[in-house]
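Step one of this worksheet: look at the structure below.
Read the figures in this text as sums done on the coordinates, not as results from a lab. Because the structure is predicted, anything quoted here is derived from the model rather than measured. Virtual Cβ from ideal backbone geometry, glycine too; neighbours counted across all protein chains shown.
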Amino acid sequence: MEKTLYERLGGSEGITNIANDAVDLHLKNTKIATRFENAKADVNSLKNGAATFFIAGTGGPAVYKGKDMMKTHQGMNISHSEFFSVIDDVMQALDKNNIEQREKEEVLFVLYSMKEEIVFV
Ligand code: HEM
């Protein structure tokens, strides 16, 4: 049987590294960094939330206990351009962790499918 996306991204350790790198990139990305200023005091909890969410969503053992994507981002007035900046950072984090094209495409699709729950909600 084909391995789950969770396994192909390097399991919990691999996904935690990817999530940490992606959040670090958001904090340095001038297009979206200010969005995370309030959360900055608790960067670790943001990284943890992102990792758990992705581990749970790709077939791994974690249980995500945070709010759903619509509730998390509601009222933030997030634009399409900001949404794609987040995706750009994630793609860069995948490159940094030597993730192959096939897995990058799958992650891209998973993220893109959440657009309606995040942009201008
Ligand atoms: C597909 C794209 C996205 C996904 C999968 C995603 C996922 C998440 C997750 C899992 C959390 C943590 C929730 C928790 O632990 O309770 C979070 C928080 C957050 N996200 Fe996103 N996000 C996305 C796009 C964006 C965009 C485009 C922005 C704005 C530029 C954004 C801004 C934030 C902020 C500011 C928080 C922290 C909220 C807080 O601590 O109060 N997100 N996101």
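Laid out as a table, the results:
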quantity	calculated
5 angstrom amide H check on Ala62, placed H, neighbours 5+ away	Ala56
Expected 222 nm ellipticity per residue - DSSP helices of 4 or more, -39500 (n - 2.57), all of the chain, to 500	-18500 deg cm²/dmol
Peptides 60-68, 92-100 ordered by average Cβ neighbours within 10 Å, highest first	92-100, 60-68
P(r) weight above 22 Å for the chain, C-alpha pairs, percent	29
Gain on full stretching of the segment that runs from Gln101 to Gln74 - 0.36 nm per residue minus C-alpha separation	6.5 nm
Pairwise Cα inverse-distance average, inverted: Kirkwood Rh of region 3-60 (Å)	11.8
Between region 14-31 and region 78-121, the Cα center-to-center distance that results, in Å	12
Förster radius 22 Å - calculated FRET efficiency between Tyr112 and Glu37 (Cβ-Cβ, nearest 0.05)	0.25
Whole-Hz ³J(HN,Hα) from phi, Karplus 6.51 cos²θ - 1.76 cosθ + 1.60, for region 93-109, glycine and proline x	5, 5, 4, 4, 9, 6, 7, 7, 3, 4, 5, 4, 4, 5, 5, 4, 5
